[in-house]
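> Here you go, one structure.
The values are calculated or read from the model by the stated rules, or taken from the named source; none is laboratory data. Being a predicted model, the structure only gives us computed values, none of them experimental. As a convention, Cβ positions derive from the backbone with ideal geometry for all residues, glycine included, and neighbour counts pool all protein chains shown.
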């Protein structure tokens, strides 16, 4: 499932190419035909991500809400700008030696490395750059729930958990149910809200980090890595986790989310030399402390990494360092 950094990157891709121009909205699959008719021909004036959800505001007061869920993905095609971390990797995020170049680290950052290229770009949990287009717009491929088309760029959505048209009031109600997002909320206020919520809960901290009403955007990878980096047992009730540790978890989430948005990678290991950094960008096997490493030796103490189901998802941790 795409975690928060992926959805923020998708929202920024929309901000690059779809704002302030009329957009043709259709549903090639047919399942979103009524919603598409409400938005067709109108102009997108805001692209916003909060946690794992994205919201596109149209000038006539309606919003398109998207939650990609486990299987959703956006395919962009046409004259699209591409981050150098993706362009130099021949379409696979991270396989680049341009370690010092970061694109999109804040709202007024330069977004591209040159003229837009007429190409395809798939954005979901990971990102993949496809071949350049011969004709535009390309024909829809597969079960496209909604297509957004301008004169130069098209975005096709497949397989989302949620795809719906909302009023501003309905959007506010959705947002009210979400926990803080470091890229949206005031950081000081968000930290206090997160700490206060966690410290009153009897629920295991590993479950709280995945609860989108507690904190928005954390998924299975970041959950496991944050807890290891804090050397925190996943099973401790939130109310029993020391306040300093809860604050450290929040601040580390701010740090890792920023890296994820800037690079497109869930890179959770710090202090790597150039060779190790290159391996981490090229392969998930070299990118994480504990995630997806069941039975492999802990990178710190050598204890085999443990795994068990918790809340319907696989949880990874070191039984020694996170005792």
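> How many residues are touching a residue at least 24 places away in the same chain (Cβ under 8 Å) and in a loop (DSSP other than H, G, I, E, B) if we restrict to the range 142-163?
Residues that pass the stated criteria total 7.
> Something else now. Kindly provide the set of residues from the range 132-153 that are more than 18 Å from residue 66 (Cα to Cα), surrounded by fewer than 19 Cβ atoms within 10 Å (Cβ to Cβ) and touching a strand residue (DSSP E or B) at 6+ places or on another chain (Cβ under 7 Å), ordered by number.
132, 133, 136, 137, 138, 140, 142, 152
> Does the range 225-246 contain at least one residue that is under 17 Å from residue 10 (Cβ atoms) and in contact (Cβ under 8 Å) with a residue 24 or more places away in the chain?
no
> Right, something else. Before we move on, is residue 12 surrounded by fewer than 24 Cβ atoms within 10 Å (Cβ to Cβ), part of a helix (DSSP H, G or I) and in contact (Cβ under 8 Å) with a residue 60 or more places away in the chain? Walk me through it before giving the result.
Values: surrounded by fewer than 24 Cβ atoms within 10 Å (Cβ to Cβ): yes; part of a helix (DSSP H, G or I): yes; in contact (Cβ under 8 Å) with a residue 60 or more places away in the chain: yes.
The answer is yes for residue 12.
> Further, regarding this structure: Looking at 260, 271, 264 in this structure, which one is under 28 Å from residue 309 (Cβ atoms) and at pLDDT below 95?
Exactly one residue qualifies, and that residue is 260.
> For the range 19-27, does any single residue satisfy the condition of being closer than 22 Å to residue 127 by Cβ, surrounded by fewer than 18 Cβ atoms within 10 Å (Cβ to Cβ) and assigned by TED's automatic domain parsing to the domain that holds residue 123?
Within the range 19-27, one or more residues are closer than 22 Å to residue 127 by Cβ, surrounded by fewer than 18 Cβ atoms within 10 Å (Cβ to Cβ) and assigned by TED's automatic domain parsing to the domain that holds residue 123.
> Let me ask something additional. Residues to consider are 189, 225; find the one that is at pLDDT 95 or above, in a helix (DSSP H, G or I) and surrounded by fewer than 19 Cβ atoms within 10 Å (Cβ to Cβ).
Working: 225 fails: surrounded by fewer than 19 Cβ atoms within 10 Å (Cβ to Cβ).
When all the criteria are applied, what remains is 189.
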